[in-house]
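The values are calculated or read from the model by the stated rules, or taken from the named source; none is laboratory data. Because the structure is a prediction, the values reported are computed rather than measured. A quick note on method: Cβ atoms are made from the backbone with ideal geometry, for glycine too, and the neighbour counts reach across all protein chains shown.
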């Protein structure tokens with residue numbers, strides 16, 4: 001039997017988008033497969049911070065407690081741990097590829113993977129291998145817009161988009 005597929009979500013500070021994705025994907029609310037493990041990290045600081053309050057409220061509205069989450073900056077160990085790294089924006093992907101060029105075949109935008117997972121015949125590691133072979137272009141339109149400092153409405157929009165993308169992606173990866 002294969003070991004669990006390890007998914008790393010990455011955004012800027014790991015207090016909004018990637019934090020939400022990790023906590024949501026790890027919860028009983030998500031359709032996550034028992035064959036998946038989740039972590040998250042940020043390209044820049046805010047180490048050991050809780051999830052930003054507007055995003056925390058979005059989790060709580062879904063019956064998920066964000067209380068135990070604490071942020072951290074992405075490390076080489078995080079990238080090595082992950083079977084797939086899913087970034088929230090094109091800029092995060094570019095940042096990671098600059099620092100971890102050997103991880104090229106496992107760093108993707110979450111929106112890019114979700115788009116390609118819809119209707120795909122492949123699942124799990126086979127899907128990831130196909131994505132690595134047929135990289136294709138990425139577009140800023142696939143970004144999950146950063147809700148930080150933009151209030152509850154922006155947080156609600158970001159959370160809804162992340163839930164949609166994560167649900168699509170983890171079903172395909174599971």
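Can you pull out every residue in the stretch 38-60 that is free of Cβ contacts under 8 Å to residues at least 60 places away in the same chain and closer than 19 Å to residue 164 by Cα? Step through it out loud before you land on a result.
The initial filter retains those residues of the stretch 38-60 that are free of Cβ contacts under 8 Å to residues at least 60 places away in the same chain, namely 38-51, 53, 56, 60.
Once the filter is applied, which keeps residues that are free of Cβ contacts under 8 Å to residues at least 60 places away in the same chain and closer than 19 Å to residue 164 by Cα, the stretch 38-60 yields 38, 39, 40, 56, 60.
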(message) Condition first: part of a loop (DSSP other than H, G, I, E, B), in contact (Cβ under 8 Å) with a residue 12 or more places away in the chain and loosely packed, with under 14 Cβ neighbours inside 10 Å. Now tell me which residues in the stretch 94-119 satisfy that.
(response) 118
(message) I'd like the full set of residues that are over 17 Å from residue 36 (Cβ atoms) and part of a helix (DSSP H, G or I), limited to the stretch 71-88.
(response) 76, 77, 79, 80
(request) Take the stretch 118-140 and flag every residue that is within 16 Å of the chain's Cα centre (by Cα) and more than 17 Å from residue 106 (Cβ to Cβ). (result) 140
(request) Taking residue 91 as meeting all but one of (1) farther than 23 Å from residue 142 by Cβ; (2) part of a helix (DSSP H, G or I); (3) at pLDDT below 95, write down the number of the exception. (result) (1)
(message) Can you tell me which residue is surrounded by the fewest Cβ atoms within 10 Å (Cβ to Cβ) among those in the stretch 15-30 that are out of contact with any helix residue (DSSP H, G or I) (no Cβ under 6 Å at 6 or more places or on another chain) and in a loop (DSSP other than H, G, I, E, B)?
(response) 28
(request) Given the conditions (1) in contact with a strand residue (DSSP E or B) (Cβ under 8 Å, 6 or more places away or on another chain); (2) at pLDDT below 95, report the number of the one that residue 83 does not fulfil. (result) (2)
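Is there a residue in the stretch 41-55 that is surrounded by 16 or more Cβ atoms within 10 Å (Cβ to Cβ) and in a helix (DSSP H, G or I)?
Step one: list which residues in the stretch 41-55 are surrounded by 16 or more Cβ atoms within 10 Å (Cβ to Cβ), which gives 41-43, 46, 49-52, 54-55.
Restricting the remaining residues to those that are in a helix (DSSP H, G or I) gives 54-55.
Yes, there is a match, as at least one residue in the stretch 41-55 is surrounded by 16 or more Cβ atoms within 10 Å (Cβ to Cβ) and in a helix (DSSP H, G or I).
Scan the stretch 31-46 for residues that are farther than 20 Å from residue 11 by Cα and touching a strand residue (DSSP E or B) at 6+ places or on another chain (Cβ under 9 Å) and jot them down.
In the first step, residues of the stretch 31-46 are kept if they are farther than 20 Å from residue 11 by Cα; the result is 31-35.
Answer for the stretch 31-46, where residues must be farther than 20 Å from residue 11 by Cα and touching a strand residue (DSSP E or B) at 6+ places or on another chain (Cβ under 9 Å): 32, 33, 35.
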(request) Looking only at the stretch 122-136, decide whether some residue is buried (at least 18 other Cβ atoms within 10 Å of the Cβ) and more than 21 Å from residue 79 (Cα to Cα). (result) no
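Mind checking which residues of the stretch 147-162 are part of a helix (DSSP H, G or I) and surrounded by fewer than 19 Cβ atoms within 10 Å (Cβ to Cβ)? Spell out how you get there, then give the answer.
Within the stretch 147-162, the subset part of a helix (DSSP H, G or I) is 151-162.
Within the stretch 147-162, 151, 152, 153, 154, 156, 157, 160 meet the criteria.
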(request) Those residues that are assigned to a strand (DSSP E or B), surrounded by fewer than 24 Cβ atoms within 10 Å (Cβ to Cβ) and under 13 Å from the mean Cα position of the chain (by Cα), I need them from the stretch 1-14; list them, please. (result) 6
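Looking at 76, 172, 89, can you tell me which residue is surrounded by fewer than 18 Cβ atoms within 10 Å (Cβ to Cβ) and either under 16 Å from residue 40 (Cβ atoms) or over 13 Å from the mean Cα position of the chain (by Cα) (or both)?
On the way: 172 fails: surrounded by fewer than 18 Cβ atoms within 10 Å (Cβ to Cβ); 89 fails: surrounded by fewer than 18 Cβ atoms within 10 Å (Cβ to Cβ).
Answer to the selection: 76.
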